[in-house]
Structures are given as structure tokens and as C-alpha cells.
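For reference, the structure is listed below as C-alpha cells.
The values are calculated or read from the model by the stated rules, or taken from the named source; none is laboratory data. As the structure is a computational prediction, the values presented were derived from the model and not from experiment. Cβ atoms come from the backbone with ideal geometry, glycine included; neighbour counts cover every protein chain shown.
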Amino acid sequence: MFGNLLRGIAALALLSAFLPAAPASAAPGEGSFTPTSYVVPVRQIALISEPGHIYTTLWSCGTSLCEVDFADPASIAAVFGEITSGVSIGVYQGLAFQTCGEGETGFEIAIGGSVTLGGTLYQTTGGAVPLTTDATAAAATRVPHAGCAMEFPFATPQRVLPNLELSLQAGFTMRNAGFASTGDIGGWGGCLASATGSVCVASTSLVMAPATETLHLESYLISEDVTDETGATAGGELLLVTDTADVPFAGFSRRFYSETSVFPTVLYDTPFAECLPAADGTVSIKTSDIGGATYRSWFPSFQRANHTGTLTLPDMTTTIPYRAYRQTL
């Protein structure tokens, strides 16, 4: 017996409101920016089920749809619009995008955009030095990433029943997904670095939710200096997603760079493993860990406003004071 996933992820409300109209300006020397293009190779899309972390293929790329621009809603809609698969009844935990071809162990993200560093406007470019001030040379920078899959958990497990369509939407944002420097920098996400310019890119994150919900995004810069009331020293960003009833249910973290940022104790650039609202209006947020621990950081009582608080590391005993600065989107 089969349940239907009839164009199940095609009913996309792609949260275009998440995408700023123009790249964010950055401080001198180095800074985060919002890409205008973010092209990823996508070979297959699969549902993930437990136990056993089993992939069930929904879609395989054709000759023209093997690359998806996550900064372009139409590009994503073109791929998701092809999904018309029937799948076995059961409970599914998320989606997986296969990003490698046969024999490959990694992939490249082609990121394009501009950023102001030291008062000068730089463009990404395709050369060995990935930044240029020559607008005529602007092009995508191809940044290498290891691994062959991107996994996007559903905010809540989704059950496929006989003759019942599972209709989901994908919420995403490119906000601060890029990082540029006028010097040589690496070691965060994937970077293409040179002595006179570097471009790095965070892994993309999708929030999957029922198509009936109206989703909204909130952004908070996180500083480990509790006296920082403007986010000037912030080294991370939490992006919180709320549903139609304004209830937080999912989100993801990003590393944040500026000239005045202080490198954080906490590692960012992963989706939330937990996002649980409490009766007092606070939210328990745990950022996912890739290396086996249950989480990277836990904000047990995160407030949806400017505030100070304490986060906990995976050893459950180490705590770090922080200040959150809510940004206007």
C-alpha cells in the first residue's frame, strides 16, 4: 500500500521575504554578505526515514536541472515542481540532497555577490583571487566543500498515509551565507583563499514545514561579550523561524564576520536540533552537531528580543554568557 507525495514539495512558499533586496554591507577588512547567487549541484533528492537512516529517492536530475540556485526561488521551484513520486506509508524525518556524481567525494558551491570592505565595493570573481573591484570581471566564485549530501530535517516528522498527499514548503535564506576578506583566510565552511582576497561560504539550510503555514524569519546576532549592546563583537547569528501563529519551531545558525567580530567559543553553521517554545515566551534552542554529540550549543531560555543569557556546551557543565541583538529584517 502506498501513500502519495503528489508534487508534495512543489507547493513552495519560498519565503522570498527572507531574502534582502541587496547584499549586506560589511566592515573594513572582512565581513559577512548575502549572496545574489548560490548554485549547488543536486543529483538526487530523497526522503529520510528511521530506523537505519534510510534514503527513499524522490527525484533524480535530468540533463538541465542538475544545478540549483538557492538564491533564486524560481530555480528551486523548477526542481521541486518535478517531484510527483508515490512513496511507501511511514514516518519520514527529512530530505536529503545528493550533491556528488559517481566517484566524487565533494562538490563546489558557486557563490556570487558583492561586499563593501574598507569602504571599497568588491565583487566575487572566478579567478584564483576570488575578489575584484572591477565590475566587468564579476562572476561566481567556485568554493569547494567536502561530503556528498545535504540533509534538511523536517521541523516535525511527517507521516505518509494511504491516499493522502504530503504537501510541504521549503523556507530558506541566504542572509550572511557568504564571507569575504581582503586577506588570506580559511578554516570556516568552505573557502577559496589567496593572499590578497578570500571568499568563504556557509552550507545552505532549508526549513521544511507543512505548506499550510505562513513562515517568518527572525535574526539575532550572538556576542560572548555581554556588554555589547549592538552586536559589534558578534561571532554568530541565530535565524529563528516562526509559523502562522508566531510560534518558533525551527531555524539554523550561521557564523558571522565583521571587522570587530570576536571569534566565538561556540561553533555555528548548522540547523537547529531543537526549537521548543516555553509558556513564558522563551525558546529552548540546540544547534546540531555534525561530529556525534547531541548538540553544539544549547540556549535553554532564549528570548525573542535583545537580551543577555547563558548558553551551555555539550558537556552539560560548561556555560558561556552571551548577549543577543535582534536585527531588523
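If you go through segment 249-259, how many residues are over 25 Å from Thr318 (Cβ atoms), more than 13 Å from the chain's Cα centre (by Cα) and either surrounded by 17 or more Cβ atoms within 10 Å (Cβ to Cβ) or aromatic (Phe, Trp, Tyr) (or both)?
Of the residues in that region, 2 qualify.
Table: residues versus (1) over 21 Å from the mean Cα position of the chain (by Cα); (2) hydrophobic (A, V, I, L, M, F, W, C); (3) modelled with pLDDT of 90 or more.
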residue: Val40; (1), (2), (3): no, yes, yes
residue: Ile45; (1), (2), (3): no, yes, no
residue: Leu58; (1), (2), (3): yes, yes, no
residue: Thr63; (1), (2), (3): yes, no, no
residue: Glu67; (1), (2), (3): no, no, no
residue: Phe70; (1), (2), (3): no, yes, no
residue: Ala74; (1), (2), (3): no, yes, no
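Suppose we filter Glu259, Glu224, Glu274, Glu229 for residues that are at pLDDT below 85 and charged (D, E, K, R); which single one remains?
It is Glu259.
I need a count of the residues in segment 178-197 that are assigned to a strand (DSSP E or B), over 21 Å from the mean Cα position of the chain (by Cα) and either closer than 28 Å to Leu240 by Cβ or at pLDDT below 85 (or both).
Result for segment 178-197: 0.
From the list Asp246, Asp269, exactly one residue is farther than 22 Å from Thr317 by Cβ, within 18 Å of the chain's Cα centre (by Cα) and outside any strand (DSSP E or B). Which is it?
From the options Asp246, Asp269, the qualifying one is Asp269.
For segment 134-154, name all the residues that are within 30 Å of Val207 (Cα to Cα), surrounded by fewer than 17 Cβ atoms within 10 Å (Cβ to Cβ) and among the hydroxyl-bearing types (Ser, Thr, Tyr).
none
Give segment 148-177 a look and list any residue that's of a type in the set (Val, Ile, Thr) and in a strand (DSSP E or B), or say none.
Thr156, Val160
Looking at (1) at pLDDT 90 or above; (2) part of a loop (DSSP other than H, G, I, E, B); (3) surrounded by 15 or more Cβ atoms within 10 Å (Cβ to Cβ), which one does Gly309 not meet, given that it meets all the others?
Only one criterion is unmet by Gly309, namely (2).
Within the bounds of segment 283-305, is there any residue that is within 17 Å of Ala250 (Cβ to Cβ) and in contact with a Cys (Cβ under 7 Å, 6 or more places away or on another chain)?
Scanning segment 283-305, I find at least one residue that is within 17 Å of Ala250 (Cβ to Cβ) and in contact with a Cys (Cβ under 7 Å, 6 or more places away or on another chain), so the answer is yes.
Can you confirm whether segment 198-221 contains a residue that is farther than 28 Å from Ile285 by Cβ, buried (at least 17 other Cβ atoms within 10 Å of the Cβ), hydroxyl-bearing (Ser, Thr, Tyr) and at pLDDT 90 or above?
Scanning segment 198-221, I find at least one residue that is farther than 28 Å from Ile285 by Cβ, buried (at least 17 other Cβ atoms within 10 Å of the Cβ), hydroxyl-bearing (Ser, Thr, Tyr) and at pLDDT 90 or above, so the answer is yes.
Cβ-Cβ under 8 Å, sequence separation 6+ or interchain: first residue in segment 122-150 and touching a residue at least 12 places away in the same chain (Cβ under 8 Å), partner among the basic types (Lys, Arg) and part of a strand (DSSP E or B). Which pairs?
These pairs meet every condition: Gly126/Arg142.
Could you please find all residues in segment 155-180 being surrounded by fewer than 24 Cβ atoms within 10 Å (Cβ to Cβ) and of a type in the set (S, T, N, Q)?
Within segment 155-180, Thr156, Gln158, Asn163, Ser167, Gln169 qualify.
Among the residues that make up segment 287-306, is at least one of them of a type outside the set (A, V, I, L, M, F, W, C), under 15 Å from the mean Cα position of the chain (by Cα), outside any loop (DSSP other than H, G, I, E, B) and closer than 26 Å to Phe154 by Cβ?
Looking for residues that are of a type outside the set (A, V, I, L, M, F, W, C), under 15 Å from the mean Cα position of the chain (by Cα), outside any loop (DSSP other than H, G, I, E, B) and closer than 26 Å to Phe154 by Cβ, one finds at least one in segment 287-306, hence yes.
Which condition from (1) at pLDDT below 80; (2) within 28 Å of Cys191 (Cα to Cα); (3) of a type outside the set (D, E, K, R) is the one that Ser85 breaks?
Evaluating Ser85 over (1) at pLDDT below 80; (2) within 28 Å of Cys191 (Cα to Cα); (3) of a type outside the set (D, E, K, R) leaves (2) as the failure.
Go through (1) more than 19 Å from the chain's Cα centre (by Cα); (2) within 21 Å of Phe272 (Cβ to Cβ) and name the single condition Ala149 misses.
Of the numbered conditions (1) more than 19 Å from the chain's Cα centre (by Cα); (2) within 21 Å of Phe272 (Cβ to Cβ), the odd one out for Ala149 is (1).
So that you can scan it fast, the table gives a plain yes or no per residue for (1) out of contact with any Leu (no Cβ under 9 Å at 6 or more places or on another chain); (2) among the β-branched types (Val, Ile, Thr); (3) closer than 14 Å to Ala46 by Cα:
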position: Gly101; (1), (2), (3): yes, no, no
position: Thr125; (1), (2), (3): no, yes, no
position: Ala139; (1), (2), (3): yes, no, no
position: His145; (1), (2), (3): yes, no, no
position: Arg159; (1), (2), (3): no, no, no
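I'd like to verify a number: residues in segment 92-133 that are out of contact with any Phe, Trp or Tyr (no Cβ under 8 Å at 6 or more places or on another chain), of a type in the set (A, V, I, L, M) and crowded, with 21+ Cβ neighbours inside 10 Å, how many?
Result for segment 92-133: 1.
Look through segment 68-106, keep the residues that are in a helix (DSSP H, G or I) and in contact (Cβ under 8 Å) with a residue 40 or more places away in the chain, and return whichever of them is farthest from Phe33 (Cα to Cα).
Looking at the filtered set, the residue picked out is Phe80.
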